[in-house]
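A short write-up of the structure that comes next.
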Amino acid sequence: MSDEFATHEVLLTDEAASKVKSLLEQEGRDDLRLRVSVSPGGCSGLIYSLYFDERILDGDAVRDFDGVEVVVDRMSVPYLNGAKIDFFDTIERQGFTIDNPNAQSTCACGESFH
């Protein structure tokens with residue numbers, strides 16, 4: 001990662017970083033980063049996107065978590081400042097979650113926020 005990129009305040013828990021590493025190993029790829037963004041949509045107005053991306057675009061903010069690079073685009077940074085990405089693997093819940101202190105309200109499914 002180059003020092004020329006801005007940083008962001010999204011946190012990736014150890015559990016989430018471990019799961020991302022495991023998924024990347026399964027894919028056999030070491031050139032992918034975890035991209036987190038928000039976009040219009042969902043029942044509350046904004047929806048989260050979480051996916052692997054090989055690109056770093058102009059204006060992206062990048063932060064490294066024990067070898068896992070998390071990338072946030074310039075427009076999403078203010079909406080995700082202080083958000084925490086976690087991973088759960090329990091009988092009640094499995095998958096990544098985003099706990100976002102900037103969300104004034106969320107929908108019942110937890111997929112979108114306002």
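Only the coordinates and a few stated rules stand behind these numbers; no lab work does. Note that this is a predicted model, so its numbers are computed, not measured. Here the Cβ positions follow ideal geometry from the backbone for every residue, glycine too, while neighbour counts run over all protein chains shown.
Quick notes on this one:
- Local electrostatic count at residue 89 - Lys and Arg +1, Asp and Glu -1, tallied over other residues with Cβ under 12 Å: -1
- Hydrodynamic radius (Kirkwood) for the range 47-93, which is based on Cα pairs only, to one decimal in Å: 12.5
- Taken one residue at a time, the phi angles of the range 97-103 give Karplus couplings (6.51, -1.76, 1.60, θ = phi - 60°) of 10, 10, 9, 10, x, 7, 6 Hz. Gly and Pro are set to x.
- Three-way shape call for the range 10-110 based on the alpha-carbon gyration tensor, with the a/c threshold at 1.5: oblate
- Interchain or long-range residues, amide H under 5 Å from residue 12's placed H: 85
- Residues listed by number, the range 71-87, amide nitrogen under 14 Å from residue 14 label point at 7 Å toward C-beta: 87
- Residues whose amide H falls under 5 Å from that of residue 65, counting only those 5 or more places apart or on a different chain, are 70, with hydrogens built in the peptide plane.
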